[in-house]
Structure formats: C-alpha cells, structure tokens
Amino acid sequence: MDRNVKVILDGKEVYGYGGQKILDLCAECGVEIPTLCYEPHLSVHGGCSVCLVDVKGAKTLVRACASTIAPGMIIQTDTERVRKARKLALELLFSDHVGDCRPPCTLACPAHGDVQGYINLAAQGKYEESLEALHKNITLPASIGRVCPAPCEQKCRRNFVDEQPVSIREIKRFVGDWCLKHGALSRIPEIVENHRSVAIVGGGPAGVSAAYFLRKMGYGVTLFEKETDLGGMMRYGIPDYRLPREILGREIKWITDHGVEVRTQTALGKDISLDQLRDEYDAVLLAMGCWKSSPMRVPGEDLPGVFGGIDFLYKVNNGLETGIGARVAVVGGGNTAMDACRCAKRLGAEKVMVVYRRTREEMPAQDIEIQEAMEEGVEFHFLMAPKAVIGNGRVEALECERMVLGEADASGRRKPLPTGEIVRIGVDTVIAAIGQQIRFDGIPKALHDGKQMIVDENYATPLPGVFVCGDQQTGPDIAVRAIGNGHYAAESIHAYISTGKPKKPFEYDVVRTDLGPADFTHIEKQPQEQVPHVNPEVRVKLGFTEFSSGLTEEQVLRDAKRCMECGCQDLHECRLRRYGQDYEVQPERVAGEHIPRVVEANAFYDRNMDKCILCGRCVRTCDEIAGFHAIDFTKRGFEGLIDTEFWKPIDESECTSCGLCVQMCPVGALMEKKAPRWPHSEKPVLVPTACLECPVGCDIVLNLDKGSSRLVRVTTDLDNAASSTLGNSCRLARSLPITTAEKRLGKPMLRVNGRMFETDWERALEHLSSKLKATVDSHGGDCVLLLAGGSLSNEEARALRKLSEESLGGAPVYFAGLGHGLAALTTLRSKWGTDWKPEDYGDFNSSDAFLLLDADTDKRQPVLTSFIRKAMRQRHAQVVSIGRITQKLEKGEAISLTPIPGTEGHLLKGLMALLLSQKGMTLPEALIDYSSPVKVEALTGVPAASTEAASRVLSNSKSLSTLWGGVFASDLNLALDAAALLDLIKQRKGLILHEASNAVGLLALGASAASADQIQESVRSGKIRSLVFAGTSPEAFGLTAADLRSLDLVASLTTRPTEIEAEEAEILLPIAAWTEREGSFNCLTGQLHLQPLGAKPYGDSRSLVRVLSHLSRKMGSNLP
C-alpha cells in the first residue's frame, strides 16, 4: 500500500496508508499504545477503552484501535488527559478482577522474593536455576535462609491444609548452601557499562544489595565500609552459630566479583565526607544501618558491666574480650536479646536471665530462638521492667518493677502497666538489647532531625542525588527488608540518573483475602519437614560453631512439593497487570460490589470468569479463527459475562478445546493446563515446530522452561504467514506438557530372575545385542520381528530398517497404523495415476463443499473439524457425510447419511444413479437396481430425501474436498466405489485420513504395513523368537501377555511402558519423545515438516536414532 497519508504523531511527521488504524500506525512507529481487546488477527471490538488517544479537533478522546488515520491528523498519545483516562479505564477493570497476581508469600516477603518460582525449581532438583530465581530479588539466600524470621511462611496458604507452612526459609538456605558447596553460584554476566557511578556508604545487606542491582544495570559502584569486612549487622551483629561468617563472606564476594569496588575501614565523616562523594559520583546512597544501642534511660546504666546489645555482639563477633561476669541479665525480647543471652551462655556465664516487660506471647523474637534459649538454660523473667542498675563501681544488681498487661498499644501488643512492686535481681553484667538507633556521625543536619533521616518514599533526601536505604531509612528491621530496600533504592537511583527524577518501582497486585481452610480440602495433607533437633548441651558445647544442619536434600524435595503454587500462572505475560503498574492504578477509589462468576475446569484448561475483563478476544477468536461459536457475551450491565449458550458447562458446548481462546486471553481468565511447578514469572523459551500427535501436522510453538529441560506449554504463531494450518492447533497439542511427562521411563531396565532392575545404557545394549545375535545366528533374521510406531520420524524409520538389513539378517519391520488408509491410497493411484497427491490445506480451505466418508475428525484430526466448521459458518460451504460424522458438524446445513453398516456401497451406487439421472444419462446395468432413492432407502436405511439432497450438493459443488476415513479408507471395494462417484462429478481433491501420524512419510519410504491379525498369527505360530517394539506397544497389535511369554526375547524402546511391557519385557529402553528429538515427517498433504530439537530428553532417555546407532555398533555394523 502507498504510504501517502501524512499525520503528526506526538509532534513528529509520519506517513501511513489509507484506512490504517491509529493503533497500527503507532506500533509501526515504536509508540506503544496500551490495549487489551485489540488483536490484529481479529475484528475490532473497542471495548476496553484503554487505547485512548487525543486527536486535535475531536470532541472526545478516540479509540486508537477503531479510528483510522486521516491526512493532516494531529495525534497525541501521552498527554495528562490521555493518561488519566487510561488509568481510570484500567482501574475500573481492576476493581472487578478477582484473584492473586503474586502469591501471598511473595507479598509478605519485604524483598518480594519469587517464592513460587524458587521453591518449585528446588522441588525439581534444579538448584542452580532456583538460585537464579532467588537472585532476582534476594541477594544473600544462604545467609538469609539462616536468620530470616520468614514472614512469608506466616502467609503461606499451606497453613490452611496442614497448619504448617512450606519450609520456605530452610529451602532457601539449602539452595544457597548447595550452590556454594558445588561451586554453582549464578554465572556473572557480562555487564554493559553505562559510564555513570554511584557511591554506597555502608556494606551491610542493604548496601550490598543496592551495589548488586546497580552494578547489573551498568553503574560503576564503590562500596565504602567503616569495618574491615562487609556484611554490616549480619556480620557483626549475628553470632557465628547462627550465621557463619564464611558463608556470608562467600555470598558477598560473589556480588563484589561483579565489579564492585570495595573500600573498607573508610568511615563517613572521618575518612571521607559526603560533599566529597557528591562531587565524585553521580549519586550517593547512605546505607549505614543503626549501630547505636538504645539506652534504657534508668539510673546506673553507665556503670561498668552494662553493655548495649549491639556493642556486646560486636565484641563477640570480633573475638574481643567482653568482660562479662558469672550472672548476666539481658533486657529485651527481640532477636538481638536472644543472640546476646545465648552468646553469654557460650562465653561461660553461670546464670543468664532475660528480663522482658511483657509475656512470651508478645516477644518479637523468633519462637525457635526463644525455645532454644530456654533449652540452653536461659531463665526468663516476664512482666519485669528495669528501673535502675545498682552497683558501687560496677554492676551488682538490676532493680525491676513488676508489670501487668493492659490494652493493646500502637504496636498491636498489650501495653505493660506498672504495679509498683519492685524486685531486685543480683547480677554482675547487664546487656540492654531494647533497640538500636542511627549514628549521625558525618551526616549533615539537613538530612536528619536527630532521631531519624529525612527521606521520602523514593529513598531520596533533601540533597539532590543523595539517597538513604536499609535500617538507616526504616529504623532497625529484619535483614531481608534491608535487602529489598537496597534493591528498590537502586531502582530509584537509576530513575534519578536516567530521567532526573527519583522513582522506585510501582507495584500493584490483586489479592484474595477471602480464602480459608474450606477452600483447600481437596489438597492431600502432608506434614512439614523438620530440621533435626540438636541437644542443647551439645549446642552450647559447640560454642560458636554452627549446629543446625538444615534440611537434607530428600527433605527439601518433599517439602518443596508441598507448595500449592498460589498466584496467577499468567503473571509473566498478563498485560492488565503490566499496564496497571505503568499507570499506577488505584482501583480502590472506584471499587464496588463484585458479582461472583463462573469458575470451572476441564481436562485441558481452567476458566475463571472472576478474572474476565470482557475484552471479547475469546469470543472473536472462537468465531473468526476456530470457526465455532461456543461462547458469547451473556446478560447485561454489571452481571455481564462471557459464557456458553444457556450457561452450560464448557464441555457441553461447541468448544473443541483447541486452546486458541486461552492463547488470546490477555489476563489469567483462561489458562491452559501447564506443566506443574513452572515459575509463574518465567518467560518460556520458544521453539517453532510441527505437531506429530496426528497426521495433520499443525505448526505449533513448544514453550520450554528457562533451561529447556522440559515442555511447559504449547502455543501457536498466528503471525506465521508460512503456516499451512494458519495458527490452528487442537487439544492434542495443547495437552503435550502433561501427556509427554506422564509415566515416563527414565532409565534403562533389565529383567533378572523375573525382576526388573535399573541398569546403564552400556549393559542394556550389550544384553540386547547378544540376545538378538543369538536369535539371528540360531534361527535366522526372519525369526526376529521389529514392530514400530506410526509416529516415528523419517530418520527413525530409516535407521530401524537399516539396522534390520545390516545387523539382523533382514528381519521384518512393520509399522503400526499404516494399513488404515492404504486401500484408499492404492485405489486413487491406480485409478487417477501414480502422481495423484493429496490436496494442500490452502485448497481444502477454499472448497465450497465437503464430502466426509466415515470421517470422524473430532477424535483424531480436530483441526480439520475446525476448518470445515469455519467454512460452513463463514462461506456457507455445504457438507455431505456418509457414515460417522463429528458432532461438531451436525449443526447447520450438514447432510448426514448414516447407512446400515455394510450397505455403504449400495448408498454410493444410489448416489451415482441419481447423479446420472439428473444429467439425463442412461444408467449402466450395474446401477439399474439403484434407480430410485426409495429403493436405496430400502437397502441402506437412508431416507430418500436425504440422498436426493446430498446428490444435489455434490452435483452443484464447484470445488469439493473429500475426506477418506474409516471403512472407505481401509476397504478396497468401498474405495473403488467412492472413486467412481468422484469421477462422475469430476472432483478428485481430497485427503486420506491415515491413522498413523507419519503414514505419508513412512509409505513414501516403502515402509510395510501388517494387520493385527497377521502379527498375532506370526507370533503365535512359534516362528518368531525375538520381538522388539520401537515407539509402539503389544496392545497396538492385539498381543497379550501370554503371547510375549512364549518368546526368547521381548524388548521395548519406549517413552512409557504399557502394563504388558512392564510385566513381560526383558529389556526396556527409554527413548526421547518427539518433542525431545529432531527429525522430520510428512503430514496428510504430503508436506515435509522439519522438527528441531525441543526439550532435553526426559531422565536418561536418548533419541531412537542414537540408540539404534549404538546398538548397530554392538552388532558389528555402523549406523550413523
């Protein structure tokens, strides 16, 4: 088209073509317009109102998807008016969108770690990939996995099932430890430098985290740390028995190895100034933590023997003399207090007491820390508040007041109230672990008020380019919050340097809060795995050596599989959520009452109309691409939804489960059955290929997981102009992630003394080759029988036949399913010439009439059903069916002729007689008995009116396509009669519905077919001594267990053994599924399809070609 329409787009002159939509022009020019209902392969709907743009002269904003460009048009796509309108449209959609974007565990994690992702990767034993998923948000997983109080576990919905969460923290620790032990920390990427720099003051978890994320974005990062080692409070405030410094140090080193410059023993205000850093760097991040212990504000706390909790732990972790006495009182109830009291025990104190002004239930420390402290002999004095430290030159006693609990205070805990009763406790050391504060040394007064830093929600301070994160921003908090803080501060700094405006990422999640135990009664109970308990005397005796071993690998694999995979599976591609974050939605301001809608599932996908945004893409896809009308808009107003006719279950509708509507859904309302334990946030690796589940050969796209280790879902490419199947596929392809994983054989198996044992490939092939050699040498090659599957690739078939010729004395090779369709093929080539070829799908889809000969395409070739139904609805194509007809085609104008079984030939002759009579021609003698439709009805049971109607359709059709199936494909006489009928009306286009997926390719290679009766007779005659199955099974040929027991050898090269094979085969060899190997096949039309390598073979499976090549070498030949 000529691009001669000039418009002004966002101030730039651009050219489009007449009739072009504004949305399409913007896409060509690199301007993204948000849209949820528009799809270039569908008609325009315009229902979402998200694609609004401002056109000069228009009274209102216009829909870019529905409006065409005009000469001189001035379009603005990003004005404040436009953004507000789009935001409101999105908020209205979100306000009625029910579900979870991310799971509650992730939202509870202050760093928003991808819990569903890394837990389920660990469940598969993919620890390196799990660590990669962790590193997206959590920088020190092995360390955090030891000390985190795990707020994620509190929100884990597994609590609704077992009253115990998934062991998220321990699994995180195991993954980190496993990768450290195996030298498998994530690969350090090649960083593209952006030539901008950031100074970070403070090498604790927040500063280290910020350094990591800034470095990955290309910034030159310098870390300034006042101590000798990085790690902050994780290094100097947590004792080694909880967090070994060697673990922390190795994790930090991996981060600094990304190219972070480190300057230790450099303190702000002493060795460097903030002004100096501002002059030398593009931004400065202060992450210095809270290193000052909070005072008790009681008389005597300045006496020798009184320590701040952080000061005491700092000495312990630096190996310095603490000077504690025999009787130690620790004041406080947090984790610092627990660390202090347990360290005191390990330093030899005879009596250690914890003094806390509330009860145990209100203590903020982790319950396990409290429990273990009690086990180690620490005494707890609850409801006691310190009033004074007593002593003459040194601590001698701690004077406390007994308390009672009143109403809850601002923290949510019950407020302690004084009783006036004073208690004196004899001690010689007091450790005050009641809180921490910021040290403001070297920090300008413009940045703080003496109590806290002056910092906004984007981590920015009043000084341009100076940011604050971690405990220095939030006050003392858990380490994982500091890690998350550092991450988001890095993002804000990046926004500041790149745009001039600090901005942390906006996040919005739809969250379900209405779930409880009743919603999970279908989940089988499985208790949480427990870390082995270590005797308290042993723990104390070990001193500061770590005593907890964590979970074993077996425990991790079990516990990780308890994850119920909460959150939306569509997270990685949900456009609604992405747009919601781009426009910073606040749906609460327009929220109203939600009307619950249909939530159902079938074998192929889940349908959750509570998530539906009524964009109509599924309705138009079903109608315009699939050719059906299974769903439509129903009801009105706020009750409006998309559903089936009369709101039937989806399985009772016209739906064929082709999956196209699921693929087109921009949100998670329609979801295919994906492979389990696939991270919701992970984008798949795409491998275009052709489907071998049936002979149609649809062009599909295998979606593999990040490591290409398995197939997780199947999609199609509607933009592939070369696709002969036009982006269509069916339920057979869509269910591949499940069917290719079920009951797979993963290791070679060998039967010894009646029992099956796992073995290795070398021994298995050695055993197989020796048994086959023995049969050939003793009885000859014709006593070995090779039975192969009809879905083998051309390369596999060639290799199998070559093995027979070169190694097995020409042993017979027969392929399953080839006999079906052979009669039709032989007939057509004998009558119409050996160069007759099946029609291609382009011709098929342009036909104005279809003759279905016993063709139940629904079961085996659903895409052909879709093609025909689409032609009927959109082009008013006529359909005549003889014999079986798919239920999906019975609607509309289809003429169904169902003769009495065995009378199909009479019906064909009756149709020929009618056609000749309509042309005024004399009937040949063979058709005299069929001169009247009434006579034909008497013979076949087909009403005369139906036969007459069918003859008119056949006579009037200009382009008829015939599908040869069932008895017409396998019975030579019926095939001859059908060919004669088609000759009469001069319509030779058609497709033979072979049973075998690669029948066309195998027959072209000269492959042999044999009926089940022939195979059974051969085996039962006693002639066959060794039987090898390759990609097929005994059941496919009607063989029984008794048949196999009479043989010297039964071996099967299979993806999944059948029941008979598992019981009777001597050797089972795992071969790769077709989605796991490369090869080629020919579809129904004869088109050659090349299949690239897909997922990695399951377990220890190998491609059949590789196995046959190895076997041939064992037998003295040499297949490639």
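Criterion first (touching a Pro at 6+ places or on another chain (Cβ under 7 Å), under 13 Å from Ala816 (Cβ atoms) and buried (at least 20 other Cβ atoms within 10 Å of the Cβ)) does Ala999 satisfy it?
Yes; evaluated as a whole, the condition is true for this residue.
Select from region 723-744 the residues that are among the basic types (Lys, Arg) and not in a loop (DSSP other than H, G, I, E, B) and write down the one among them that is surrounded by the fewest Cβ atoms within 10 Å (Cβ to Cβ).
Across region 723-744, the extreme among qualifying residues is Arg731.
Applying the selection to region 115-131, what residues are within 16 Å of Tyr212 (Cα to Cα) and either surrounded by fewer than 23 Cβ atoms within 10 Å (Cβ to Cβ) or more than 24 Å from the chain's Cα centre (by Cα) (or both)?
Passing the criteria: none in range.
Taking helices (runs of 4 or more DSSP H) that fall entirely within region 763-847, which contain at least 1 residues that are basic (Lys, Arg)?
Output list reads 794-807, 822-832.
Which residues, counting only those in region 272-286, are outside any helix (DSSP H, G or I) and surrounded by 22 or more Cβ atoms within 10 Å (Cβ to Cβ)?
Ala283, Val284, Leu285, Leu286
List the number of the failed condition for Gly333; all other conditions in (1) closer than 29 Å to Asp367 by Cα; (2) touching a Ser or Thr at 6+ places or on another chain (Cβ under 8 Å) hold.
Condition (2) is where Gly333 drops out.
Residues to consider are Pro464, Pro476; find the one that is assigned to a loop (DSSP other than H, G, I, E, B), under 16 Å from Asp275 (Cα atoms) and assigned by TED's automatic domain parsing to the domain that holds Leu286.
Answer to the selection: Pro464.
For region 501-514, indicate whether the set of residues that are at pLDDT 95 or above and touching a strand residue (DSSP E or B) at 6+ places or on another chain (Cβ under 8 Å) is non-empty.
The answer is yes; a qualifying residue exists.
I'd like to verify a number: residues in region 362-386 that are part of a helix (DSSP H, G or I) and in contact with a strand residue (DSSP E or B) (Cβ under 9 Å, 6 or more places away or on another chain), how many?
Going through region 362-386 one residue at a time, the tally reaches 4.
Please work out which residue is surrounded by the fewest Cβ atoms within 10 Å (Cβ to Cβ), limiting yourself to region 79-107 and to residues that are under 21 Å from the mean Cα position of the chain (by Cα), modelled with pLDDT of 95 or more and of a type in the set (A, V, I, L, M, F, W, C).
Leu107
Can you name the residue in region 984-1030 that is out of contact with any strand residue (DSSP E or B) (no Cβ under 9 Å at 6 or more places or on another chain) and among the hydroxyl-bearing types (Ser, Thr, Tyr) and is also farthest from Ala913 (Cα to Cα) among such residues?
Ser1021
Within region 893-993, which helices (runs of 4 or more DSSP H) (wholly inside it) include 2 or more residues that are surrounded by fewer than 16 Cβ atoms within 10 Å (Cβ to Cβ) and not basic (Lys, Arg)?
Result: 933-940, 944-956, 972-984.
Which one is surrounded by the most Cβ atoms within 10 Å (Cβ to Cβ), of the residues in region 1-34 that are in contact (Cβ under 8 Å) with a residue 40 or more places away in the chain and within 31 Å of the chain's Cα centre (by Cα)?
Leu23
What are the residues in region 410-449 that are assigned to a loop (DSSP other than H, G, I, E, B), loosely packed, with under 13 Cβ neighbours inside 10 Å and of a type outside the set (Gly, Ala, Ser), if any?
Within region 410-449, Asp449 is the sole residue that qualifies.
Which one of these does Ile1024 not meet: (1) out of contact with any Cys (no Cβ under 7 Å at 6 or more places or on another chain); (2) surrounded by 19 or more Cβ atoms within 10 Å (Cβ to Cβ); (3) under 18 Å from Asp782 (Cα atoms)?
Status for Ile1024: all satisfied but (1).
Would you check which residues across region 141-166 are touching a Ser or Thr at 6+ places or on another chain (Cβ under 8 Å) and either outside any helix (DSSP H, G or I) or surrounded by fewer than 24 Cβ atoms within 10 Å (Cβ to Cβ) (or both) and list them?
Listed by number, the list holds a single entry, Glu153.
Which residues, counting only those in region 896-938, are farther than 17 Å from Ala980 by Cβ and either of a type in the set (Asp, Glu) or in contact (Cβ under 8 Å) with a residue 60 or more places away in the chain (or both)?
The one that is farther than 17 Å from Ala980 by Cβ and either of a type in the set (Asp, Glu) or in contact (Cβ under 8 Å) with a residue 60 or more places away in the chain (or both): Glu937.
Would you confirm, using the coordinates I've provided, whether Leu718 is surrounded by 22 or more Cβ atoms within 10 Å (Cβ to Cβ) and either on the phi < 0 side of the Ramachandran plot or under 22 Å from the mean Cα position of the chain (by Cα) (or both)?
no
Determine which member of the set Gly269, Gly300, Gly289 is of a type in the set (Gly, Ala, Ser), surrounded by fewer than 17 Cβ atoms within 10 Å (Cβ to Cβ) and touching a residue at least 60 places away in the same chain (Cβ under 8 Å).
Gly269
Among the residues of region 202-222, is there at least one that is touching a residue at least 24 places away in the same chain (Cβ under 8 Å), of a type in the set (Val, Ile, Thr), surrounded by fewer than 24 Cβ atoms within 10 Å (Cβ to Cβ) and not assigned by TED's automatic domain parsing to the domain that holds Glu491?
Within region 202-222, none of the residues are touching a residue at least 24 places away in the same chain (Cβ under 8 Å), of a type in the set (Val, Ile, Thr), surrounded by fewer than 24 Cβ atoms within 10 Å (Cβ to Cβ) and not assigned by TED's automatic domain parsing to the domain that holds Glu491.
When you look at Leu447, is it touching a strand residue (DSSP E or B) at 6+ places or on another chain (Cβ under 9 Å), more than 25 Å from Asp311 (Cα to Cα), modelled with pLDDT of 95 or more and assigned by TED's automatic domain parsing to the domain that holds Gln473, yes or no?
yes
Can you pull out the residues in region 1058-1079 that are within 28 Å of the chain's Cα centre (by Cα) and of a type outside the set (Lys, Arg)?
Within region 1058-1079, Pro1070, Ile1071, Ala1072, Ala1073, Trp1074, Thr1075, Glu1076, Glu1078, Gly1079 meet the criteria.
Please verify whether Ile238 is crowded, with 19+ Cβ neighbours inside 10 Å, over 35 Å from the mean Cα position of the chain (by Cα), aliphatic (A, V, I, L, M) and farther than 14 Å from Gly207 by Cα, treating the condition exactly as stated.
yes
The values are calculated or read from the model by the stated rules, or taken from the named source; none is laboratory data. Here the structure is a predicted model, which means the values were calculated and not measured. A quick note on method: Cβ atoms are made from the backbone with ideal geometry, for glycine too, and the neighbour counts reach across all protein chains shown.
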